[in-house]
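First comes the structure, then the notes that go with it.
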Amino acid sequence: MKKRLSLEPVYQLWGWIALAWALYRYFLRFPEWADEFIFKPLVFVAPVIWYVLRKERRSLTSLGLTGKNLFTSIYIGLGFGFVFALEGLAANAIKYGKLQIQPIAAFEQYGMIALLLLSLSTAFSEELLSRGFVFNRIFEKTKNLPYASLVSTALFVLLHVPILVTMHKLQGVTLILFFVTDIILGLANSLLFATTASLAAPILVHIFWNMTVALYL
């Protein structure tokens, strides 16, 4: 019989991760590839895997790292990802008053393939923490999908505040669009994870969204 989960350790671990990431963003400046391929996995992924294996004594399938329903998850992820790409186009039109492509500097620096790999790494780290761990543990404990979705999405959005303060410094319509789209992404991916019990669909949707932001916002 599976041991009943307490949410306090989950929130504590998230808090330490958020603090470590905020300090990293504030004090250190490395190339984006180092952020996404090295430091984000170290800060976001490694503590979660350690906690699940050593403290919870559960398998990594409890984080959605499973081949179960893989193809269904991929199809769903591609479908929702396309919808998010359209949402990004709409946000672009709202921001500029017309459709205007202004790729971020990373696109010109790394190219499409490398940027896609960066997006994959980002999506994996953030989805494993926010959906596979935080959302899934809250949902397991409360059995309340709206509550688990809202709380995990709020924590997901908070993880992005350090980069807003230290690097992007967004304001006005752009800042509002950032928060709105991040909230929609968090809620949608929570629902996808609850439906498929796999990280495949949330990761695919996240990749679509990252690429949309890179190219259009």
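The values are calculated or read from the model by the stated rules, or taken from the named source; none is laboratory data. Owing to the predicted nature of the structure, the values given are computational and were not obtained by experimental measurement. Every residue, glycine among them, receives a Cβ derived from its backbone with ideal geometry; neighbour counts consider all protein chains shown.
Scanning the range 5-25 for residues that are part of a loop (DSSP other than H, G, I, E, B) and free of Cβ contacts under 8 Å to residues at least 12 places away in the same chain turns up nothing. Of the residues making up the range 26-59, those that are over 17 Å from the mean Cα position of the chain (by Cα), assigned to a helix (DSSP H, G or I) and either farther than 17 Å from Ile138 by Cα or acidic (Asp, Glu) (or both) are Tyr26, Phe27, Ala34, Trp50, Leu53, Arg54, Glu56. Residues that are out of contact with any Asp or Glu (no Cβ under 9 Å at 6 or more places or on another chain), among the polar types (S, T, N, Q), at pLDDT 85 or above and not in a helix (DSSP H, G or I) are absent from the range 87-101 altogether.
Here is a check on your reading of the model: is Tyr147 modelled with pLDDT of 90 or more and either surrounded by fewer than 19 Cβ atoms within 10 Å (Cβ to Cβ) or on the phi < 0 side of the Ramachandran plot (or both)? Show your work before the answer.
On the way: modelled with pLDDT of 90 or more: yes; either surrounded by fewer than 19 Cβ atoms within 10 Å (Cβ to Cβ) or on the phi < 0 side of the Ramachandran plot (or both): yes.
Answer is yes for this residue.
Comparison of Val45, Val83 shows that the only residue that is among the β-branched types (Val, Ile, Thr), modelled with pLDDT under 95 and under 20 Å from Pro202 (Cα atoms) is Val83.
Within the option set Thr153, Thr212, Thr174, Thr196, being of a type in the set (S, T, N, Q), modelled with pLDDT under 95, in contact with a Gly (Cβ under 9 Å, 6 or more places away or on another chain) and more than 18 Å from Leu65 (Cβ to Cβ) holds for one residue only, Thr212. Residues in the range 121-140: is at least one of a type in the set (Asp, Glu), part of a helix (DSSP H, G or I) and modelled with pLDDT under 90? No; the residues of the range 121-140 include none that is of a type in the set (Asp, Glu), part of a helix (DSSP H, G or I) and modelled with pLDDT under 90.
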